[in-house]
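Structure record follows, encoded as C-alpha cells.
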Amino acid sequence: MEIEREQYILNQIQIAGSVQVEELAQELGVSLMTIRRDLSNLKEKGLIERCHGGAILKQEVPYSSKIIANSTEKNKIAQAAIQYIHKNDTVFLDAGTTTYHIANWLLDRDDLTVVTDDLQIACLLVKSNMQVFICGGYIQKTTGCVMGTFANQMIDNFCIDVAFVGAAAIDEQFNILTPTIEKIDLKRQIIKSSSQTYLVTGKDKFNKRAIMKINSAADYTGIITDMHFTAEEEQVLRKKNIVILSV
C-alpha cells in the first residue's frame, strides 16, 4: 500500500503542482501521520519538496547557484569533452553550467556551428567568430533553458555532429531523470538529431532521484564524468553497455 500511496501522491503533485496533507489523508482514508511519513519518504528520494501543510514538485536549482558549485570539476569535464569536437562540426550544447564551461573553451574557434537551448551560453558565444543558433520557445527563468514545441522542432531540423547534454539526476540503475516535464521530449530529440551524444555530469548527480525519466545512460555515446564507481556499479555499467569516460 505504501508504494501505491506514494505513486498516487506523485501523480497528484504532477497534475496540481502541490498537495495538502489533510486532503491526501481524506482521499486515501489514512491518518495524517501516515501521509506525513509518505511525504518524508518521497523527499528523501529527491522526488518532492516539503512546504507548509503539504508538498510541491521538486524544482530545478537556479542557474546562479549551479554556476559556482563544483566549478573546478566542471571545468575538468569540459576540457575532456572538447576532444570529441572536430573541425567544422555542428555542436549542440544543452542548457547547464558544465556545458557553459565547454562553451568557454570554444571561444577562440571560428570553424564550428553551435546550437544551444541555453541563454547564458548563447550570450557568451556572441563574443566568438563561430555561427551560433539558439532554440526558440518558452524560457525557464530559473535556469535560462529554452524549451517547448518550437525548441524541439528546431533541433529536429539540424544534423548535429556531436551533442553534450547535462543531467539533473541519475539513479542507481543509471536512468536519466528530471524534475521538469517539459525537458523530456527536448532531451530525447537531441539524441535523435545527433550522430554522437555525450552526457556531461559531475559525481554529485549520481544516485539521485527526480520525478520523471528521460532515458537510460545506455542511450548516450558515453558519459564524461568525474564519478568513481564501485565494483558493483561497474558490473551494472558493463551489463547495460554504458560507456564511461572518466576525467
Legend entry - helices (runs of 4 or more DSSP H) contained in region 139-240 and holding at least 1 residues open to solvent by 10 Å² or more (accessible area, probe 1.4 Å), closer than 26 Å to K87 by Cα and in contact (Cβ under 8 Å) with a residue 60 or more places away in the chain: 183-193
Legend entry - Subset of region 55-97 (residues that are of a type in the set (F, W, Y) and modelled with pLDDT of 85 or more): Y84, F92
Inset, instruction - Please find, within region 88-135, the residue that is farthest from the chain's Cα centre (by Cα) out of those that are β-branched (V, I, T) and outside any strand (DSSP E or B). - result: V126
Legend entry - Given (1) in contact with a Phe, Trp or Tyr (Cβ under 8 Å, 6 or more places away or on another chain); (2) under 30 Å from E232 (Cα atoms); (3) surrounded by fewer than 19 Cβ atoms within 10 Å (Cβ to Cβ), number of the condition A81 does not satisfy: (3)
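This table checks each residue for (1) modelled with pLDDT under 90; (2) surrounded by 14 or more Cβ atoms within 10 Å (Cβ to Cβ); (3) closer than 18 Å to A210 by Cα; (4) of a type in the set (D, E).
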{"position": "E4", "(1), (2), (3), (4)": "yes, no, yes, yes"}
{"position": "S18", "(1), (2), (3), (4)": "yes, yes, yes, no"}
{"position": "E44", "(1), (2), (3), (4)": "yes, no, yes, yes"}
{"position": "I48", "(1), (2), (3), (4)": "yes, yes, yes, no"}
{"position": "G53", "(1), (2), (3), (4)": "yes, no, no, no"}
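Among the residues of region 106-151, which ones are over 20 Å from Q189 (Cβ atoms) and among the polar types (S, T, N, Q)? Write out each step before concluding.
Taking region 106-151 first, the residues over 20 Å from Q189 (Cβ atoms) are 106-112, 120, 123-131, 141-142.
Answer for region 106-151, where residues must be over 20 Å from Q189 (Cβ atoms) and among the polar types (S, T, N, Q): Q120, S128, N129, Q131, T142.
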Inset, instruction - Mind listing just one residue for me: the one in region 107-138 that is touching a helix residue (DSSP H, G or I) at 6+ places or on another chain (Cβ under 7 Å) and farther than 24 Å from E182 by Cα and, of those, surrounded by the most Cβ atoms within 10 Å (Cβ to Cβ)? - result: L125
Inset, instruction - Confirm whether A168 is under 21 Å from T97 (Cβ atoms) and modelled with pLDDT of 95 or more. - result: no
Inset, instruction - Select from region 20-42 the residues that are over 17 Å from L177 (Cβ atoms) and open to solvent by less than 20 Å² (accessible area, probe 1.4 Å) and write down the one among them that is farthest from the chain's Cα centre (by Cα). - result: A25
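Looking only at region 17-55, count how many residues are in a helix (DSSP H, G or I) and within 25 Å of I170 (Cα to Cα). Please lay out each step first, then the result.
Going residue by residue through region 17-55, those that are in a helix (DSSP H, G or I) are 21-28, 32-44.
Keeping just the survivors that are within 25 Å of I170 (Cα to Cα) gives 37-44.
Qualifying residue count for the region: 8.
The values are calculated or read from the model by the stated rules, or taken from the named source; none is laboratory data. Computed from a predicted model, the values in this text were never measured in an experiment. Glycine gets a Cβ as well: all are built from the backbone with ideal geometry, and neighbour counts include every protein chain shown. Just so you know, the surface numbers come from the protein's heavy atoms only, side chains and all, with ligands and any DNA or RNA stripped out. Shrake-Rupley method; radii C 1.70, N 1.55, O 1.52, S 1.80 Å.
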